[in-house]
Amino acid sequence: MVQISDKIRIIQGDIVKLEVDAVVNAANTTPLGGGGVDGAIHRAAGPELLEECRDLKGCVTGEAKITKVYLLPAKWVIHTVGPIWQGGQKGEDYLLASCYRKSLELAREHIIKTIAFPAISTGAYNFPSKRAAGIAVSEIIKFLQENELPERVILVSFNKETYQHLQQALSEIFVG
Ligand code: APR
């Protein structure tokens, strides 16, 4: 039997280059592109992605929507909107967990086997990286324990600090 720990991988790199079924975009409520992951995904996917995003008619914080990928090597882009960090008392933890859960629900609905997440909210939205890593890892594990799909989740960090926080969060859950 495949262990849950075998279904999660943490890597350092550029999410747009991954050949997975779905990449998750850390978008905004519009969602018509921006900097960070969002900018990288739109640059790599080309202008048709922006056209499709216009038809989405926005996305609420904590929710997720799915589009095609156009020029990206993946098959789907799941756009989710993380919370802007405001000190931790405005439901940020709940909303961040919701981003992971809603994205995974969309993945399951679209029979997506492999999905890659960036560290949602930890860039422009300033969510503390260590706290975000704990929420990301525990929400993903909970979902994988209850669902067959997706089969594999890749957590992509852009820098060493995020990578270490994700590794630490994972080992705290599996080692105790
Ligand atoms: N691949 C993987 N990770 C990346 C990449 C990339 N190509 N580019 C940036 N990152 C990392 C950042 O280092 C950060 O840890 O993704 C994390 C999320 O950062 P942001 O992209 O800034 O996302 P977020 O904090 O959720 O802010 C969203 O930024 O660009 C705008 O339109 C976007 O308004 C929205 C806001």
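Cβ-Cβ distances below 7 Å connect the following pairs, each with a first residue in the range 122-144 that is small (Gly, Ala, Ser) and more than 13 Å from the ligand (Cβ to nearest atom), a second residue that is assigned to a helix (DSSP H, G or I) and modelled with pLDDT of 95 or more, and a separation of six or more residues or different chains: GLY134/ALA169. Against the condition within 11 Å of the ligand (Cβ to nearest atom) and not hydrophobic (A, V, I, L, M, F, W, C), how does SER157 come out, does it pass? Yes: the conditions hold for SER157. One residue stands out among those in the range 87-113 that are polar (S, T, N, Q) and buried (at least 21 other Cβ atoms within 10 Å of the Cβ): the one that is nearest to ILE4 (Cα to Cα), which is SER103.
Each row is one residue, and each column tells you yes or no for (1) modelled with pLDDT of 95 or more; (2) touching a Pro at 6+ places or on another chain (Cβ under 7 Å); (3) open to solvent by 10 Å² or more (accessible area, probe 1.4 Å).
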{"residue": "ARG9", "(1), (2), (3)": "yes, no, yes"}
{"residue": "VAL16", "(1), (2), (3)": "yes, no, yes"}
{"residue": "VAL24", "(1), (2), (3)": "yes, yes, no"}
{"residue": "ALA27", "(1), (2), (3)": "yes, no, no"}
{"residue": "ASP38", "(1), (2), (3)": "yes, no, no"}
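Filtering ILE78, ILE84 for residues that are closer than 21 Å to ILE140 by Cα, assigned to a strand (DSSP E or B) and modelled with pLDDT of 95 or more leaves a single hit, ILE78. Number of residues in the range 127-148 that are in a loop (DSSP other than H, G, I, E, B) and open to solvent by less than 30 Å² (accessible area, probe 1.4 Å): the value is 2. If you go through the range 4-17 and keep only what is touching a Phe, Trp or Tyr at 6+ places or on another chain (Cβ under 9 Å) and more than 8 Å from the ligand (Cβ to nearest atom), you end up with ILE4, SER5, ILE10, ILE11, GLN12.
Scanning the range 41-54 for residues that are surrounded by fewer than 20 Cβ atoms within 10 Å (Cβ to Cβ) and touching a strand residue (DSSP E or B) at 6+ places or on another chain (Cβ under 9 Å) gives GLU48, GLU52.
Given the criteria more than 9 Å from the ligand (Cβ to nearest atom), part of a strand (DSSP E or B) and either modelled with pLDDT under 95 or among the hydroxyl-bearing types (Ser, Thr, Tyr) (or both), does THR67 qualify? So THR67 passes the test.
Looking only at residues of the range 18-50 that are among the charged types (D, E, K, R) and more than 8 Å from the ligand (Cβ to nearest atom), we find that the one that is farthest from PHE174 (Cα to Cα) is GLU48. Please find, within the range 149-163, the residue that is surrounded by the most Cβ atoms within 10 Å (Cβ to Cβ) out of those that are out of contact with any strand residue (DSSP E or B) (no Cβ under 6 Å at 6 or more places or on another chain) and not in a loop (DSSP other than H, G, I, E, B). Per the criteria, the residue is THR162.
The values are calculated or read from the model by the stated rules, or taken from the named source; none is laboratory data. Not measured: the values here are computed from a predicted model. Note: ideal-geometry Cβ built from the backbone for every residue, glycine included; neighbour counts use all protein chains shown. Quick note on the areas: whole protein, heavy atoms, side chains included, nothing else; ligands and nucleic acids left out. Shrake-Rupley method; radii C 1.70, N 1.55, O 1.52, S 1.80 Å.
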